[in-house]
Structures are given as C-alpha cells and as structure tokens.
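Written out below as structure tokens is the structure these notes cover.
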Amino acid sequence: MRRRMARTLALAAMLALAATPALAHAIVIEAKPAPGETVAGPDLTVTLRYNGRLDHARSRLTLVSPDGASKRLSIATDTPPDSLVASLTGLAPGTYRLHWQVLSVDGHITRGEVPFRVSAP
C-alpha cells in the first residue's frame, strides 16, 4: 500500500512539473533599426523589444562605431518592461553594431547584437 502511494505521489509530482511552463531566455522579437537595415542619421532612436520582462537596471546597450570604438548607451527610464530604448545622436555614415546584454526576470543573461548602417545625408 505504501509503495503504491509513493509511486502515485511521484507520478503526480512529475506531472505537475511537466505542466509548469518553462521559463524562457530573453529573445529579441523586434528591433528598430532591424538587423542589416540602412537608416538615415545623424540622430535616431533604437528600440529592442523582447519576448518577456527585463531587469532594466542590469541590462545594457553598447554601440560599436565603424572605427571599432565602443560607447555604453543610456537606456531610457520610461521604457516598457519588455523593451530597451536609447537615443543616438551625431552618428556619421557607416556600419554600426548595437550590442545588447539583458537579464530577464527568469534570472538568465542573454546577449546579442544588431548590425545596422547609417547612410550619408
């Protein structure tokens, strides 16, 4: 009897775990500018929207310019919980990379980059 009850409880626990949705890593679902897009400068706003809530205080954006110099960007404080937004000014024509690192509320850090090009006026 005890053995049957133990198996039943173990099975119930496994089913409960299987029914619990898995926590997902943050994935970019929308980027402005889009990867590979050519945009007009010299000023623009970048927006990255993810598939879930982020810890804004522990997330960061870094812009890598055509000459390889890196600049950490200030993330707007009034952004939605699933997005990072930053304003860029004075961009010269060329190819840029927007590096991102975010901490999702599930506790996982994810990283990536969005390459884009600024056209000559």
Checklist line | Members of the stretch 20-37 found to be open to solvent by 80 Å² or more (accessible area, probe 1.4 Å) and at pLDDT 95 or above, listed by number | finding: K32, P35
Margin query: Just to check your reading of the model, which residue among L61, L91, L48 is within 18 Å of E113 (Cβ to Cβ), surrounded by 11 or more Cβ atoms within 10 Å (Cβ to Cβ), modelled with pLDDT of 95 or more and in contact with a Gly (Cβ under 6 Å, 6 or more places away or on another chain)?
Written below: L91
Note to self: Considering only residues that are closer than 12 Å to D55 by Cβ, crowded, with 18+ Cβ neighbours inside 10 Å and of a type outside the set (V, I, T), which ones fall in the stretch 94-121?
What the structure shows: S104
Note to self: Name the residue that is least open to solvent (accessible area, probe 1.4 Å), counting only residues in the stretch 75-88 that are at pLDDT 95 or above and among the polar types (S, T, N, Q).
What the structure shows: S83
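The values are calculated or read from the model by the stated rules, or taken from the named source; none is laboratory data. Since this is a predicted model, take the numbers as computed values, not measurements. With ideal geometry, Cβ positions are generated from the backbone for all residues, glycine too; neighbour counts draw on all protein chains shown. Heavy atoms of the whole protein, side chains included, go into the accessibility calculation; ligands, DNA and RNA do not. Shrake-Rupley method; radii C 1.70, N 1.55, O 1.52, S 1.80 Å.
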